[in-house]
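Only one structure is covered here, and it is reproduced in the block below.
Please treat every number below as a calculation from the coordinates, not as lab data. Since we're looking at a predicted model, the values are computed, not measured. Virtual Cβ from ideal backbone geometry, glycine too; neighbours counted across all protein chains shown.
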Amino acid sequence: MNSLYTGTLRLVAGRGSQMIGIAAMKIAIAIIFLWIGWLKFQPYEADSITVFVANSPFMRFFYNHPADYAAHLTKEGMLVPAQRAWQMANNTYGFSMGLGSLELVIGGLTLAGLFSRRLGLVGALLAFGTPFVTLSFLVTTPEAWVPALGDAQHGFPYLSGPGRLVIKDVAILAGAWLIIVDTARALLADRIEQTSTEVAASTPLRVAA
């Protein structure tokens, strides 16, 4: 039993297992960015991020009327023509499509890391930087916390639905960093091997007397 336990640990701790884990992390991050990026082209998803963008000091200038967002929110799956018209005038959909395009690029580059280390490194760096923006929403977005409507649990640390959505990005932050580290090590190993090969090729052979 002890040998089986030790053997299992060695198998899991092996280089092959690590490679599978890193590849799975690349695929997982790519799925998130590609899927969510595609959804950014859908009106309901664009509407749902209004609370974050309108309150963000880094993004609110993309909207034409960020201060008026609260009166024009709709639930997912609900179509209110007047609110849809306001969102169009607010540039909600134009901004969302731009953001979605960026997320599609990040997802594509991260997925390309399965075949190209350099492209994957760019994707991982972008994926690593994204959560710093999204996690800032916890500070700038009032809707990220349960409102004080009578229940005892409200405000910090009681995350609302939007807040719980945002906090998950800490996993993307950690996963992207692992990909960056693994890719950097592989690129360094390639460079060392290439340098060694070039040195060996430039060293003249000594002919025995």
Mean residue ellipticity at 222 nm from the helices of the chain, using -39,500 (n - 2.57) per DSSP H segment of n ≥ 4 over the full residue count, to the nearest 500 deg cm²/dmol?
-22000 deg cm²/dmol
List the residues whose amide H sits under 5 Å from the amide H of Trp145, counting only those 5 or more places along or on another chain, with H placed 1.01 Å from N in the peptide plane.
Ser160
The alpha-carbon center of region 58-76 and that of region 34-55 are separated, in whole Å, by 12
For region 127-209, averaging the sequence separation of alpha carbon pairs under 8 Å that lie six or more residues apart and dividing by its residue count, the contact order in percent is 28
Let's see if you can work this out: charge +1 on each Lys and Arg Cβ, -1 on each Asp and Glu Cβ, no other charges. What is the dipole magnitude of the chain about its Cα centre, in debye to the nearest 20?
600
At q = 0.11 Å⁻¹, what log₁₀ I(q)/I(0) does region 18-188 have when each alpha carbon counts as one equal point scatterer in the Debye sum?
-0.52
Please name whichever of Thr130, His154, Gly113 sits farthest to the positive end of the charge dipole of region 18-188, dipole taken about the Cα centre and charges placed at Cβ: Lys and Arg +1, Asp and Glu -1.
Gly113
Let me check against my output: what whole-number percent is the relative contact order of the chain, with C-alpha pairs under 8 Å and at least 6 apart?
21
